[in-house]
6 protein chains.
Amino acid sequence: MKRTDNRKPDELRPIKITNHYLKHAEGSVLIEMGDTKVICTASVEEKTAQHLKGTGKGWVTAEYGMLPRSTASRKVRDASRGKIDGRTMEIQRLIGRSLRSVTDLELLGERSIWIDCDVIQADGGTRTASITGAFIAMVEAMKWMKEREMIETIPVKSFVSAISVGILADESGEEAVLDLPYTEDSTAKVDMNVVMTDRGEYIEVQGTGEDAPFGPEQLQQMLALAAKGCRELNEIQKEILGKLE
Amino acid sequence: MKRTDNRKPDELRPIKITNHYLKHAEGSVLIEMGDTKVICTASVEEKTAQHLKGTGKGWVTAEYGMLPRSTASRKVRDASRGKIDGRTMEIQRLIGRSLRSVTDLELLGERSIWIDCDVIQADGGTRTASITGAFIAMVEAMKWMKEREMIETIPVKSFVSAISVGILADESGEEAVLDLPYTEDSTAKVDMNVVMTDRGEYIEVQGTGEDAPFGPEQLQQMLALAAKGCRELNEIQKEILGKLE
Amino acid sequence: MKRTDNRKPDELRPIKITNHYLKHAEGSVLIEMGDTKVICTASVEEKTAQHLKGTGKGWVTAEYGMLPRSTASRKVRDASRGKIDGRTMEIQRLIGRSLRSVTDLELLGERSIWIDCDVIQADGGTRTASITGAFIAMVEAMKWMKEREMIETIPVKSFVSAISVGILADESGEEAVLDLPYTEDSTAKVDMNVVMTDRGEYIEVQGTGEDAPFGPEQLQQMLALAAKGCRELNEIQKEILGKLE
Amino acid sequence: MKRTDNRKPDELRPIKITNHYLKHAEGSVLIEMGDTKVICTASVEEKTAQHLKGTGKGWVTAEYGMLPRSTASRKVRDASRGKIDGRTMEIQRLIGRSLRSVTDLELLGERSIWIDCDVIQADGGTRTASITGAFIAMVEAMKWMKEREMIETIPVKSFVSAISVGILADESGEEAVLDLPYTEDSTAKVDMNVVMTDRGEYIEVQGTGEDAPFGPEQLQQMLALAAKGCRELNEIQKEILGKLE
Amino acid sequence: MKRTDNRKPDELRPIKITNHYLKHAEGSVLIEMGDTKVICTASVEEKTAQHLKGTGKGWVTAEYGMLPRSTASRKVRDASRGKIDGRTMEIQRLIGRSLRSVTDLELLGERSIWIDCDVIQADGGTRTASITGAFIAMVEAMKWMKEREMIETIPVKSFVSAISVGILADESGEEAVLDLPYTEDSTAKVDMNVVMTDRGEYIEVQGTGEDAPFGPEQLQQMLALAAKGCRELNEIQKEILGKLE
Amino acid sequence: MKRTDNRKPDELRPIKITNHYLKHAEGSVLIEMGDTKVICTASVEEKTAQHLKGTGKGWVTAEYGMLPRSTASRKVRDASRGKIDGRTMEIQRLIGRSLRSVTDLELLGERSIWIDCDVIQADGGTRTASITGAFIAMVEAMKWMKEREMIETIPVKSFVSAISVGILADESGEEAVLDLPYTEDSTAKVDMNVVMTDRGEYIEVQGTGEDAPFGPEQLQQMLALAAKGCRELNEIQKEILGKLE
């Protein structure tokens, strides 16, 4: 089965990460995976979440948005509709959970890190690119805090990256593939997003067979591809960030 | 590791399903799994979703709610807050996707089935109980349509059920368990919901290790438990609904 | 004039009240009047209303909702519309006022009792059934407080119940009737709801002749029927709750 | 018992009605009852309510508002809060119902009359003054329609007016009084609003004993006062409008 | 070029200002400029704006509204739409800025003055009439504060008034005119609002050539007309208010 | 008076415009003026505005947003607050009016052009940079339409650009300056935005002296600087777009 951009089934799209992309944020990254482009920023606030006041613990929270014309046809602005749609909510909850799962909230202290992921151009995999990029922005914000002696060590337990996998089907059969662009994503039989640590553990596994259910073997194939993709992304993150301590 | 209600790790809670629970809805079920109680109704509307007009296809959509005092402490009503929270949105999208994945939308014709799942009493696993119960309510609504010759056959490809699994941890180690009540769910290291067909295929796999990542072996243990649980729920559904044709 | 269910003009529908219906709430009741079924819960909160802080007085507040398919055709969820409709607001204000009128807010202390009335199945008279049932749930919550020595005595001055009355009209003339089911209610010339204490006093009298005005004599007939109905409901409440002290 | 403005228990406050108060509206009235001042307008729209399309029937609908500084302390604007409060909803529903009850919606044809009642200065009885004034504005709008031959006759079955009554209590006892200004209204034991036709029939009876229940005799005294007040208001309306035909 | 009401190009419409128009507000004015009628009130609150707490400074804020039938065709209420439209926001921000620009916020102390401008009848120039009238209401509220010894002096640096100017065009050419009523305003090529002090300084200059751009010479003609109009309005304000000290 | 970045009073910041910045939009530009960076896109929709249906005319409408961390401290997302703030509304109305004023809406036909201006990094002058950049994106979208023979000619009457001017004050006196970065803008005595055509005509003049009023001479100085700035921006636009025909 030929992929739209001639990649092999287990091959990532070309990746480009521009660190320190914006001047105001404590951490900011432009991540490009193929034609998908997302600005990820991390902002430090000297106040923890409401429900953690007095516990000594901090919080990491995430918001996600798409510019109206990041997509092929113009998407109505959430602000104009007066509310956030369900897909956006799911994605921002996913990003927040993923980053919190590797953060030592006690070492962070009673502070918040706000993650903002804004999609400038969308071509599939925006939520997973957001997680991969936001992790870098978050660590940069932590380095900024460490320089100012707000914290003594980078309060992160593992690296986190995320990737999409799926099952493509045509007359010749079905095949599991890694890192789907929009044209593949929109026709895939199964769509799955996986978030992993650099120790090969799972943080999130979300697979959906809306068009058709999928069998146990296909699940295993997708999990294997995802592990390979996340490993490669972790390598790139490590080159940019160096050792965390 | 001892479970709070002495169940075995792979044992479901006691299940009670009351079919035809309400008089107005075309399909209505009260499903009780342990102390979790959900009213599921299915309503037939002679109009398909906006984006399907003129395609000959129908739609299945779901809404989910919790009575304010279904929970241990009172939950503010969504209607009073003026918006639906992120968790509710995720759940209603999940229920809708799960039911659509086994429905033949062309055979349904340009009609909608509205699923409402309202939690009367919550004790863990409300979203999976909703799916298992809503499937029955949906099929009852389809039978109602067939009796009125609106459709010729029940447009359903497989049975659908759902269950939660998770990893409990204590000083003695970690163990995968099936069908977690609230006390287990709130302390579980990993929380996973699985939706399956009666052919053993996956419709949704959603695993989250917010408190701690989980390894590949734990993932496999949980998948095995979920398959067992869904199979048993399918049996109960088949007893109630009989053959679909 | 024959009633749809063959009752006499001054006869209530069959009543069934299930006390302690749910496990989490401090007070909870399922009240059924004919086919009308309402879950009423009372929740204790250790905080009085904003405007009473520092006065030593407590508050009783009520919310009312209908499950989407409690009605003959599906009703859009308030939460989905993003706001509470006018009818719902009127009803929840009525329930709150009615219960506060017999509560000694000073004896309650700086606490709130939240009343939730959720209609599971609607067949006329949901607001009056809500008041009758909510009174029981509220007193149960007060007993719960007394057991925990939060209060010394049940801070209630009288029993409260409520019923609907109306004027039915056909070719043979007009007649005042008690406790209208939906089919009568929707065609009645006049619709009136009366809330009374067990001393025969009025708490609320709300009569509406939208389709046609009504004369002074008809008003008196309806008031007499309402007094009879409320008296009977008070008897049932007393059987369930016993003496309040 | 002495009233704050030395009126007799059954005496209305001084009334002033300025017809044709504004230049744009088809009907417009400034009604002053003591210090309560309300602008009532009636606007004709060539479209009936959604649910009446194709039935040949028209509709009358009402909205009510208070200027922020119509009250003793500034009231937050509904528009700033983003929603209409419960009291406002109740009042605008009451005004609409009252006017519809005397309008022949078939003779009106598939048109709407929009009533707007805006309180410029509040001193008790704003909802009843709104009804009394809005009736005049509505009839003026109907005359405007008749002049343009949109209708052949004024489609009104009776005159409508409204007044408040209540029970005042002091050490000397309790007394029923007519037309309460704010200082009386805010301390009254019982508050009741009555809407009546010029034939002495009731359209609405709404009595509330939030602070204390009231007995059957007190109800009858209030009803008698209300009938006297409405009769006097009808006389004033007839002087302004002349015969309706 | 003949104006619709035969005024000269540099002539204001007839002006009538009723001071102390309402009984509750600390300052209240009815300002009429031709057929445009606006009620302006000023309310004193013993709390400054959130962002000024602890600075010793006060705040002046403004809200603006139109009665639904102040306009030729009925305008939907902001409260019913659930949000304030863009035009209203612009106007209330303009009124607030204009009044703050001449107020000594330190002398005012940590208090707020709330300005409410409500248009009873609209015929062009409602925002400028609002500013001219609101200034008087604000100073009256300050006098009220001074009488109560809350402040020692009226904390106002200059008088403020505002007027509209524009460019009318017909076959005979183009002409700059002062104080446009609705019929002129809606066909004017250019629409400009100018807010000035009694020292001939500018507070706001807002000119818009949506239908057609305008040249530098036309801009100068409009500025000259505006200066004349504001001067005349300042005279009227001074007659009403006397010297500020 | 020395400027923060050593520019002369009448000197623009360095400008960089990247045309065809995004792949999906019909027109897209990244405009950078100093550290201010705005993405402007133009999207073509085959439907005119509601109020222009059947008139043969098209419409141009604009929306404006800021990424949460485009600013020095994180700004809450409009979508999270559920409404658009007043400043944003003013800006998007200004952008829309400015572009419509030079567009021949009849030649455009019954279509809409949606302009989206999203600020990636803010350092003063975001609204004027938006207008200057959006004009280019709009013309690119029109070229795209012309290539597809949807229109015969580029329906634009003049070039449009915009710039900010202001009055800076220090102990040495006051001086009018062009193109203020944030540090100047936030301390300027007067803030003014001017939108002009390439014929030297005004489209919008918006000057605000909130902190202090400004004299006629200062107004003239600012107008002269603005004219110079807009002229230079028009030159850059012409280099990018070439002749419009």
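The values are calculated or read from the model by the stated rules, or taken from the named source; none is laboratory data. What you see is a predicted model, and the numbers here were worked out from it, not measured in a lab. A quick note on method: Cβ atoms are made from the backbone with ideal geometry, for glycine too, and the neighbour counts reach across all protein chains shown. Quick note on the areas: whole protein, heavy atoms, side chains included, nothing else; ligands and nucleic acids left out. Shrake-Rupley method; radii C 1.70, N 1.55, O 1.52, S 1.80 Å.
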### Task
Might you let me know whether the stretch F:89-99 holds any residue that is in contact with a helix residue (DSSP H, G or I) (Cβ under 9 Å, 6 or more places away or on another chain), outside any helix (DSSP H, G or I), free of Cβ contacts under 8 Å to residues at least 40 places away in the same chain and of a type outside the set (K, R)?
no
### Query
Is there any pair linking a residue in the stretch A:15-43 that is on the phi > 0 side of the Ramachandran plot to one that is polar (S, T, N, Q) and not in a loop (DSSP other than H, G, I, E, B), with Cβ under 7 Å and at least six apart or on different chains, and which?
A:H20/A:S28
### Task
Just give me the residues in the stretch C:219-236 being open to solvent by 30 Å² or more (accessible area, probe 1.4 Å) and either part of a loop (DSSP other than H, G, I, E, B) or within 11 Å of chain D (Cβ to nearest Cβ) (or both), in sequence order.
C:Q220, C:A224
### Query
Quick one: is A:I154 in contact (Cβ under 8 Å) with a residue 40 or more places away in the chain and not small (G, A, S)?
yes
### Query
Looking at (1) within 22 Å of B:V102 (Cα to Cα); (2) free of Cβ contacts under 8 Å to residues at least 60 places away in the same chain, which is the one condition that is false for A:G242?
(1)
### Task
Check off (1) open to solvent by 10 Å² or more (accessible area, probe 1.4 Å); (2) in contact with a Cys (Cβ under 7 Å, 6 or more places away or on another chain) for F:A137 and give me the number that stays unchecked.
(1)
### Message
So in the stretch A:72-98, with the set limited to residues that are small (G, A, S) and under 13 Å from the mean Cα position of the chain (by Cα), which one is surrounded by the fewest Cβ atoms within 10 Å (Cβ to Cβ)?
### Response
A:G96
### Query
Hey, among C:R97, C:R111, which residue is within 7 Å of another protein chain (Cβ to nearest Cβ) and within 26 Å of C:K238 (Cβ to Cβ)?
C:R97
### Query
Is it true that A:S101 is more than 18 Å from A:L241 (Cα to Cα) and not basic (K, R)?
yes
### Summary
Listed by range, strands (runs of 3 or more DSSP E) wholly within the stretch C:134-210 having at least 3 residues that are touching a strand residue (DSSP E or B) at 6+ places or on another chain (Cβ under 9 Å), at pLDDT 95 or above and on the phi > 0 side of the Ramachandran plot are none
### Message
Suppose we keep only residues that are among the charged types (D, E, K, R) and more than 14 Å from chain B (Cβ to nearest Cβ) within the stretch A:157-176. Which one would you say is farthest from A:R7 (Cα to Cα)?
### Response
A:E171
### Query
What number of residues within the stretch F:103-115 satisfy the criterion of being open to solvent by 50 Å² or more (accessible area, probe 1.4 Å) and without any contact (Cβ under 8 Å) to a residue 60 or more places away in the chain?
2
### Task
Determine whether the stretch D:146-154 contains at least one residue that is within 14 Å of chain C (Cβ to nearest Cβ) and among the aliphatic types (A, V, I, L, M).
no
### Query
Residue check, F:M1 against (1) more than 30 Å from F:T183 (Cα to Cα); (2) modelled with pLDDT under 95, all met but one. Which one?
(1)
### Query
What are the residues in the stretch D:22-54 that are polar (S, T, N, Q) and closer than 21 Å to D:A122 by Cβ, if any?
D:S28, D:T36, D:T41
### Query
Residues in the stretch A:56-65 that are hydrophobic (A, V, I, L, M, F, W, C) and open to solvent by less than 40 Å² (accessible area, probe 1.4 Å): how many?
2
### Query
Which of (1) modelled with pLDDT under 95; (2) acidic (D, E); (3) buried (at least 21 other Cβ atoms within 10 Å of the Cβ) does E:D118 not meet, given it meets every other one?
(1)
### Message
Scan the stretch A:122-129 and tell me whether some residue there is in contact with a Pro (Cβ under 6 Å, 6 or more places away or on another chain), at pLDDT 95 or above and either of a type in the set (A, V, I, L, M, F, W, C) or surrounded by 23 or more Cβ atoms within 10 Å (Cβ to Cβ) (or both).
### Response
yes
### Task
Taking F:R69 as the residue in question, decide whether it is open to solvent by less than 40 Å² (accessible area, probe 1.4 Å), assigned to a helix (DSSP H, G or I) and not hydrophobic (A, V, I, L, M, F, W, C).
yes
#### Entry: Residue list for the stretch B:4-43, restricted to those being modelled with pLDDT of 95 or more, closer than 26 Å to B:L168 by Cα and of a type in the set (V, I, T)
B:I15, B:I31, B:T36, B:V38
### Task
Take B:E239 and decide whether it is open to solvent by 30 Å² or more (accessible area, probe 1.4 Å), in a helix (DSSP H, G or I) and over 21 Å from B:D123 (Cα atoms).
yes
#### Entry: Within the stretch E:1-55, considering residues that are of a type in the set (S, T, N, Q) and away from chain D (no Cβ under 14 Å), the one least open to solvent (accessible area, probe 1.4 Å)
E:T48
### Query
Given the structure, is C:T208 among the hydroxyl-bearing types (S, T, Y), out of contact with any Cys (no Cβ under 9 Å at 6 or more places or on another chain) and surrounded by fewer than 21 Cβ atoms within 10 Å (Cβ to Cβ)?
no
### Task
State whether one or more residues within the stretch F:76-87 are closer than 29 Å to E:F214 by Cα and free of Cβ contacts under 8 Å to residues at least 24 places away in the same chain.
yes
### Task
Find the residue count for the stretch B:189-211, including only residues that are free of Cβ contacts under 8 Å to residues at least 24 places away in the same chain and of a type outside the set (S, T, N, Q).
6
### Task
Residues being within 14 Å of chain E (Cβ to nearest Cβ) and under 15 Å from F:C230 (Cβ atoms): count how many of those fall in the stretch F:177-197.
6
